[in-house]
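First up is the structure itself, then whatever we jot down about it.
The values are calculated or read from the model by the stated rules, or taken from the named source; none is laboratory data. A quick note: this is a predicted structure, and the numbers were derived from the prediction, not measured. Don't worry about glycine lacking a Cβ; one is built from the backbone with ideal geometry, like all the others, and counts go over all protein chains shown.
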């Protein structure tokens, strides 16, 4: 499998293309089978994740939680156009991420890309809700850990690491925590 940079025109609020590529590389390297994305926004990272999962051997599934119904529909459409239903199972939920997390079976997720509400209290609550849902060695991946939101404090409090990378907006970077 070859991962390539997604050279998309950057839209404020979207993950930088190199962040999406790093997330996808980590998902592939960890052989993730079931991945949750919180905050699908315009679907750029969703498509990158879907293409990565579809290229891996075996059955894979992508779950996307996007609270805005119009954005959720746009993400679903982008996934259908990018990978098609025959290559990958996915579901886009137009509901609150905490409800989506609560509905997942324990130890069912291999990775979670956390990029929705960037308030420290919310991200902390998300991590606590995700912990029982994660499989051993699962990845919690965080966007916007540096800059205006400074979520690196949350990631580091849980024992994760943060990379400060070039930002195209007021926040960026990548937080990584492998759940043991």
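Here are some notes:
- Taken together, the criteria place residue 35 among residues that are in a strand (DSSP E or B), in contact (Cβ under 8 Å) with a residue 12 or more places away in the chain and surrounded by 20 or more Cβ atoms within 10 Å (Cβ to Cβ).
- Filter pass, residue 105 being surrounded by fewer than 16 Cβ atoms within 10 Å (Cβ to Cβ), under 26 Å from residue 29 (Cα atoms) and touching a residue at least 12 places away in the same chain (Cβ under 8 Å): yes
- Filter result (more than 23 Å from residue 172 (Cα to Cα), surrounded by fewer than 23 Cβ atoms within 10 Å (Cβ to Cβ) and in contact with a strand residue (DSSP E or B) (Cβ under 7 Å, 6 or more places away or on another chain)) within the stretch 111-158: 133, 135, 137
- Residues of the stretch 159-171 that are closer than 15 Å to residue 14 by Cα and surrounded by fewer than 13 Cβ atoms within 10 Å (Cβ to Cβ): 166, 170.
- Unmet criterion (only one of (1) in a loop (DSSP other than H, G, I, E, B); (2) touching a helix residue (DSSP H, G or I) at 6+ places or on another chain (Cβ under 7 Å); (3) at pLDDT 95 or above) for residue 87: (3)
- Residue in the stretch 171-179 that is modelled with pLDDT under 95, closer than 19 Å to residue 41 by Cα and out of contact with any strand residue (DSSP E or B) (no Cβ under 7 Å at 6 or more places or on another chain) present: no
- Positions within the stretch 55-66 being surrounded by fewer than 17 Cβ atoms within 10 Å (Cβ to Cβ) and outside any loop (DSSP other than H, G, I, E, B), in sequence order: 55
- Qualifying residue in the stretch 78-91 (condition: surrounded by fewer than 21 Cβ atoms within 10 Å (Cβ to Cβ), under 15 Å from the mean Cα position of the chain (by Cα) and free of Cβ contacts under 8 Å to residues at least 40 places away in the same chain): yes
- Here residue 27 passes the criteria (1) buried (at least 17 other Cβ atoms within 10 Å of the Cβ); (2) out of contact with any strand residue (DSSP E or B) (no Cβ under 7 Å at 6 or more places or on another chain); (3) at pLDDT 95 or above except the one numbered (2).
- Any hit, the stretch 94-101, residues being touching a residue at least 24 places away in the same chain (Cβ under 8 Å), in a strand (DSSP E or B), surrounded by fewer than 20 Cβ atoms within 10 Å (Cβ to Cβ) and out of contact with any helix residue (DSSP H, G or I) (no Cβ under 6 Å at 6 or more places or on another chain): no
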